[in-house]
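**Q** Below you'll find the structure I mean.
The values are calculated or read from the model by the stated rules, or taken from the named source; none is laboratory data. Because the structure is predicted, anything quoted here is derived from the model rather than measured. Positions of Cβ are generated from backbone atoms using ideal geometry, with glycine treated the same way; all protein chains shown enter the neighbour counts.
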Amino acid sequence: MIIVRRILAVLLAVIFIALFTVSLVLSRVNGTIGSPDFISKQLRDANVYTWIYDDLAPAAIEEAQTDNADLKIDLTKISPDLIAVTRALLPPDWLRQYTEETLDQTIPYFFGREDHFEIVVPLKDRLRDSIPTVKAALKSDRIAAAIYDDVVTDMVDEALKDKTIPFGLTFTTAEIVETIKKIAPPDYVQGQMANAADAVFPYLAGDKETFVVRVDLSSRADPAAREVKALIAKKDLTTFVFDQVIAPTVRSSIGTNLRVPFNLVVTSADVDRIIRETLPRDWVQLQVNNLVDESVNYLVGKKPSFSLTIPLADRQQAALDSVGRLMDQKLADAYTSARLCTAQEIATLNPLTFVNTGIPCRYPNFSIEQVKALAGLVNYQAEVARIVDNALPNSYVFSEADLRRAFGADQSQQFDDLRRYLTTGVDFDQADFEEIIAKDDYTGRTPWDQLSAAAKKQEVERSETVKDFRKLRDRIKRNFTYTDADYRRFLDDRTNADFTSSDLDDARDALGMIGLWKWIFLGSLVILVLVGLLGGRRNWSKMLWSASVLFVAALLILIAAKPIWNAQAGDRAARELQEEIDKSDTTKLERVIMTKGKEIAVSSLDDAGGKVVLVGVLSLVISVAAGTAALVVLQRRDRPKGPKPPEASPAAK
């Protein structure tokens with residue numbers, strides 16, 4: 001009979017060891033990943049909330065720049081400032097607080113201890129409160145420098161490709177960007193960004209349904225006029241003034257040719273060339289300055305209209321005299337090179353008709369001066385000058401239409417946009433923002449810029465990105481409330497989802513079983529008592545059987561947990577894991593995340609494993625104490641007592 005009992009005791013001992021180990025593992029799972037407090041402690045101990053900004057964010061920005069090489073701005077240049085703005089918006093302490101509140105809500109739900117969860121993150125209040133700190137973070141010279149070096153430089157490069165610089169001028173990108181810096185210095189740019197924060201944050205928080213970011217350029221009209229004039233002054237506009245102002249006027253006044261006495265022709269090219277050669281250089285430069293002044297003043301809104309008049313009546317006399325001398329010389333050359341008149345021609349021709357018909361032949365012994373005298377044109381060059389002067393206007397007018405042409409025949413809209421920006425500023429509102437993000441979703445054949453306003457509005461309403469943005473804004477407006485119903489809807493609304501709300505329920509049921517570890521532990525204790533009752537005969541042997549089985553279980557647990565309580569082995573494993581991470585074919589961002597994950601995992605295992613080892617040690621101590629008590633105390637108590645010695649007889653007494 002005792003043999004059967006002990007066989008049963010051995011079988012129960014095996015069951016006890018299995019159940020005791022399972023209960024210990026489940027208790028650690030429940031006390032680690034099933035415990036919001038444990039996870040929160042691990043995150044705090046690992047300094048995750050400062051690590052996000054110190055390590056994770058720089059790596060994320062670097063990877064974003066690598067993956068989006070076509071970005072208008074190099075994010076790595078302003079990485080510290082982007083991080084500073086984000087830190088100001090979402091401080092580490094704030095992240096910790098609401099991360100821990102989220103864990104308190106979700107962990108009990110996923111482990112089946114609660115049927116619902118509700119996460120409330122007051123982003124609306126955070127947006128309101130963070131405006132001053134965000135604006136302070138935006139006051140960075142690096143951000144302004146990146147705007148100049150990347151955004152503005154790219155815009156200037158595109159403008160130079162389109163040849164949108166007026167007056168036929170050529171500038172380098174560096175020259176134009178440097179001028180823009182002087183017109184809109186860093187403090188001005190930083191002020192505009194601060195104004196943008198004031199406009200946008202109330203909209204994101206839901207306090208306003210619209211926003212308008214207004215970049216007021218009118219305050220920069222005087223600096224703009226001054227710096228643009230200084231830029232243009234470095235170039236020679238003389239050729240432009242002659243080609244685009246004077247020459248067209250000469251051609252329209254004189255035509256291709258202008259006939260003068262003796263049927264000679266003054267060409268517009270002759271007049272244009274002579275005017276170029278004879279007008280005083282300082283006078284031409286003055287007209288250039290006037291053209292620049294009037295053009296810039298009109299563009300920046302300091303004048304409502306544009307028209308530049310260049311008076312020439314008192315300046316072109318020298319040119320007209322030169323034209324007269326030129327034609328006088330042409331007449332002399334024509335007469336000298338003409339053939340001699342025949343006798344018949346001498347008898348029939350009248351030199352006076354040469355004025356109208358030209359010179360068919362030359363009279364023998366008759367000079368051109370005599371011919372001019374006969375025709376009453378002794379001062380021939382003065383007469384030519386008078387005729388040309390009468391044909392030319394007293395002034396040249398450069399109109400707004402001429403100015404537009406100077407910008408380029410196909411740049412009329414850009415001209416109007418530039419003047420509007422410089423006079424009334426630039427407005428950017430929520431509709432413009434939604435149009436920009438909708439453009440990324442657009443897949444139509446017609447180029448976006450060629451769509452009508454109504455078509456663009458339809459595309460905005462179709463855009464999934466716009467819809468997601470509006471939903472996000474609505475959540476922020478309601479202080480970002482997220483419940484288990486939202487999570488279930490998210491799981492079921494996905495296309496071809498491989499994990500639905502039904503799967504979630506199955507997972508919660510499975511995880512909920514972990515909570516049974518207490519009952520498993522109590523069951524194992526009952527089995528341990530049965531082992532003692534079945535295995536031993538006397539009280540001390542019964543306790544010894546139970547203590548021995550507990551000792552074996554504790555010893556097995558300690559052996560299994562050796563890598564945890566062996567610090568040297570644990571450190572070696574951590575180093576090997578880090579070496580594998582460093583050698584892996586992953587991005588810098590992934591390595592940063594994996595390294596921190598390893599740190600948290602090792603710390604969690606140390607913590608959880610330490611408690612396992614502690615339970616093992618305590619079980620070992622209890623088993624040894626119980627075994628010792630059984631062997632020493634109970635064995636002595638249960639030892640059979642010998643027969644009492646016989647009492648002495650009365651006689652003996």
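**Q** For residue 161, only one of the following conditions fails: (1) at pLDDT below 85; (2) touching a helix residue (DSSP H, G or I) at 6+ places or on another chain (Cβ under 9 Å). What is its number?
**A** Of everything listed in (1) at pLDDT below 85; (2) touching a helix residue (DSSP H, G or I) at 6+ places or on another chain (Cβ under 9 Å), residue 161 misses just condition (2).
**Q** Further question: Has the stretch 487-499 got any residue that is surrounded by 12 or more Cβ atoms within 10 Å (Cβ to Cβ), assigned to a helix (DSSP H, G or I), touching a Ser or Thr at 6+ places or on another chain (Cβ under 6 Å) and in contact (Cβ under 8 Å) with a residue 24 or more places away in the chain?
**A** no
So that you can scan it fast, the table gives a plain yes or no per residue for (1) touching a Pro at 6+ places or on another chain (Cβ under 7 Å); (2) assigned to a helix (DSSP H, G or I); (3) surrounded by fewer than 16 Cβ atoms within 10 Å (Cβ to Cβ):
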residue	(1), (2), (3)
413	no, yes, yes
433	no, yes, no
446	no, no, yes
449	no, yes, yes
459	no, yes, no
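**Q** I would also like to ask the following. Hey, could you check the stretch 56-87 for residues that are under 24 Å from residue 122 (Cβ atoms) and surrounded by fewer than 18 Cβ atoms within 10 Å (Cβ to Cβ) and say which is farthest from the chain's Cα centre (by Cα)?
**A** At the first step, the residues of the stretch 56-87 found to be under 24 Å from residue 122 (Cβ atoms) are 56-57, 82-87.
Retained after the next criterion (residues that are surrounded by fewer than 18 Cβ atoms within 10 Å (Cβ to Cβ)): 56, 86.
Numbers: 56: 17, 86: 13 Å.
Ranking the candidates gives 56 first.
**Q** Please tell me if residue 210 is out of contact with any Gly (no Cβ under 7 Å at 6 or more places or on another chain), of a type outside the set (A, V, I, L, M, F, W, C) and assigned to a helix (DSSP H, G or I).
**A** On the way: out of contact with any Gly (no Cβ under 7 Å at 6 or more places or on another chain): yes; of a type outside the set (A, V, I, L, M, F, W, C): yes; assigned to a helix (DSSP H, G or I): no.
So residue 210 fails the test.
**Q** Please go through the stretch 42-55 and pick out each residue that is surrounded by 15 or more Cβ atoms within 10 Å (Cβ to Cβ) and touching a residue at least 60 places away in the same chain (Cβ under 8 Å).
**A** 42, 43, 46, 48, 51, 55
**Q** Same structure again: Hey, could you check the stretch 365-421 for residues that are among the aliphatic types (A, V, I, L, M) and touching a strand residue (DSSP E or B) at 6+ places or on another chain (Cβ under 8 Å) and say which is modelled with the lowest pLDDT?
**A** We begin by selecting, within the stretch 365-421, every residue among the aliphatic types (A, V, I, L, M); these are 368, 371, 373-375, 377-378, 382, 384-385, 387-388, 391-392, 397, 401, 403, 406, 409, 418.
In the following step, the residues that additionally are touching a strand residue (DSSP E or B) at 6+ places or on another chain (Cβ under 8 Å) were identified as 384, 387-388, 391, 397.
Numbers: 384: 72, 387: 70, 388: 70, 391: 67, 397: 81.
Selected residue: 391.
**Q** Output the number of residues of the stretch 324-359 satisfying the condition of being in a loop (DSSP other than H, G, I, E, B) and either within 60 Å of the chain's Cα centre (by Cα) or over 16 Å from residue 260 (Cα atoms) (or both).
**A** Of all residues in the stretch 324-359, those in a loop (DSSP other than H, G, I, E, B) come to 338-339, 341-342, 349-350, 358-359.
Okay, now just the ones that are also either within 60 Å of the chain's Cα centre (by Cα) or over 16 Å from residue 260 (Cα atoms) (or both), so 338-339, 341-342, 349-350.
Number of matching residues: 6.
**Q** Every residue in the stretch 268-320 that is among the acidic types (Asp, Glu), surrounded by fewer than 15 Cβ atoms within 10 Å (Cβ to Cβ) and over 51 Å from the mean Cα position of the chain (by Cα), please. Write out each step before concluding.
**A** First, the residues of the stretch 268-320 that are among the acidic types (Asp, Glu): 270, 272, 277, 282, 293-294, 314.
Remaining after also requiring surrounded by fewer than 15 Cβ atoms within 10 Å (Cβ to Cβ): 277, 282, 314.
Those that are among the acidic types (Asp, Glu), surrounded by fewer than 15 Cβ atoms within 10 Å (Cβ to Cβ) and over 51 Å from the mean Cα position of the chain (by Cα): 277, 314.
**Q** Name, by its number, the condition in (1) without any contact (Cβ under 8 Å) to a residue 12 or more places away in the chain; (2) within 20 Å of the chain's Cα centre (by Cα) that does not hold for residue 190.
**A** Looking at each condition in turn, residue 190 falls short on (1).
**Q** Does residue 417 fit the bill of being loosely packed, with under 13 Cβ neighbours inside 10 Å and not assigned by TED's automatic domain parsing to the domain that holds residue 307? Walk me through how you get there before you give the answer.
**A** On the way: loosely packed, with under 13 Cβ neighbours inside 10 Å: yes; not assigned by TED's automatic domain parsing to the domain that holds residue 307: yes.
Judged against the criteria, residue 417 is a match.
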